[in-house]
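Data first, discussion second: the structure below is written as structure tokens.
The values are calculated or read from the model by the stated rules, or taken from the named source; none is laboratory data. All values reported here derive from a predicted model rather than from experimental measurement. Cβ: placed from backbone, ideal geometry, glycine included. Neighbour counts: every protein chain shown.
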Amino acid sequence: MPKRTQAEAEAAVRVLIEWAGDDPAREGLAETPARVAKAYRELFTGYEQDPRDYLEKTFEQVGGYDNLVVLRDIRVVSFCEHHMLPFLGRAHVGYLPNDRVVGISKLSRVVNAFSRRLQIQEKLTAEIAEAINDILKPQGVGVMIEAEHQCMTMRGVKEPGSNLVTSRLMGVIRDDPRTREEFLKLARQGNGS
Ligand SMILES: [Zn+2]
């Protein structure tokens, strides 16, 4: 793909402003294309990161810990690849370690790096789970995401307050009913909903 310049991105924003029906030359919009182009760099930082790098630095397990590790309510800011509108919500990420654990901040960095791209929620959910599964090689992984899609709440069917819930369960979190139940219970506890 060609590396686009800031000037090209600004020109594209001016076209979209005209397409929306406004005049990109009017005073209030003069700086807008530059700001939008800069905001895009920040919103889409996922393309500049390899989320799997965050998981490479693992800690050997201490004390024979053999229970689920669940990080709940990780903020998700992502963008649907069909409309380029945000979908916002929370991810709950858990795994049952084998012999390696990872710093918890790394789990939220992985979610963030996969989110800050054009995505579909189902794929985002699977990518997070598969990265953890591939690198930590745990006994099981569970990822659940609940998010509100602005392409649905602002346009189209206009269903404010509706959340899309997706999950990807692997290993014992998928196959062992007790472990699955424990993950789902821990994942649901967070928000009172
Ligand atoms: Zn959409």
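Structure values in brief
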| quantity | calculated |
| --- | --- |
| Criterion: surrounded by 11 or more Cβ atoms within 10 Å (Cβ to Cβ), of a type in the set (Phe, Trp, Tyr) and touching an Asp or Glu at 6+ places or on another chain (Cβ under 8 Å) - qualifying residue of Phe44, Phe87 | Phe87 |
| Near pairs, Cβ below 9 angstrom, 6+ apart or cross-chain, from segment 144-171 (without any contact (Cβ under 8 Å) to a residue 40 or more places away in the chain and within 14 Å of Phe87 (Cα to Cα)) to any residue that is acidic (Asp, Glu) and away from the ligand (no atom under 13 Å from the Cβ) | Val165/Glu146 |
| Answer residue from segment 60-80, given it is surrounded by 14 or more Cβ atoms within 10 Å (Cβ to Cβ) and without any contact (Cβ under 8 Å) to a residue 60 or more places away in the chain and is farthest from the ligand (Cβ to nearest atom) among those | Val69 |
| Residue in segment 32-44 that is in a strand (DSSP E or B), at pLDDT below 95 and over 15 Å from the mean Cα position of the chain (by Cα) present | no |
| Residues located in segment 147-168, provided they are away from the ligand (no atom under 16 Å from the Cβ) and either closer than 22 Å to Arg109 by Cβ or of a type in the set (S, T, N, Q) (or both) | Ser167, Arg168 |
| Residue list for segment 109-132, restricted to those being surrounded by fewer than 19 Cβ atoms within 10 Å (Cβ to Cβ) and outside any loop (DSSP other than H, G, I, E, B) | Arg109, Leu118, Glu122, Lys123, Ala126, Glu130 |
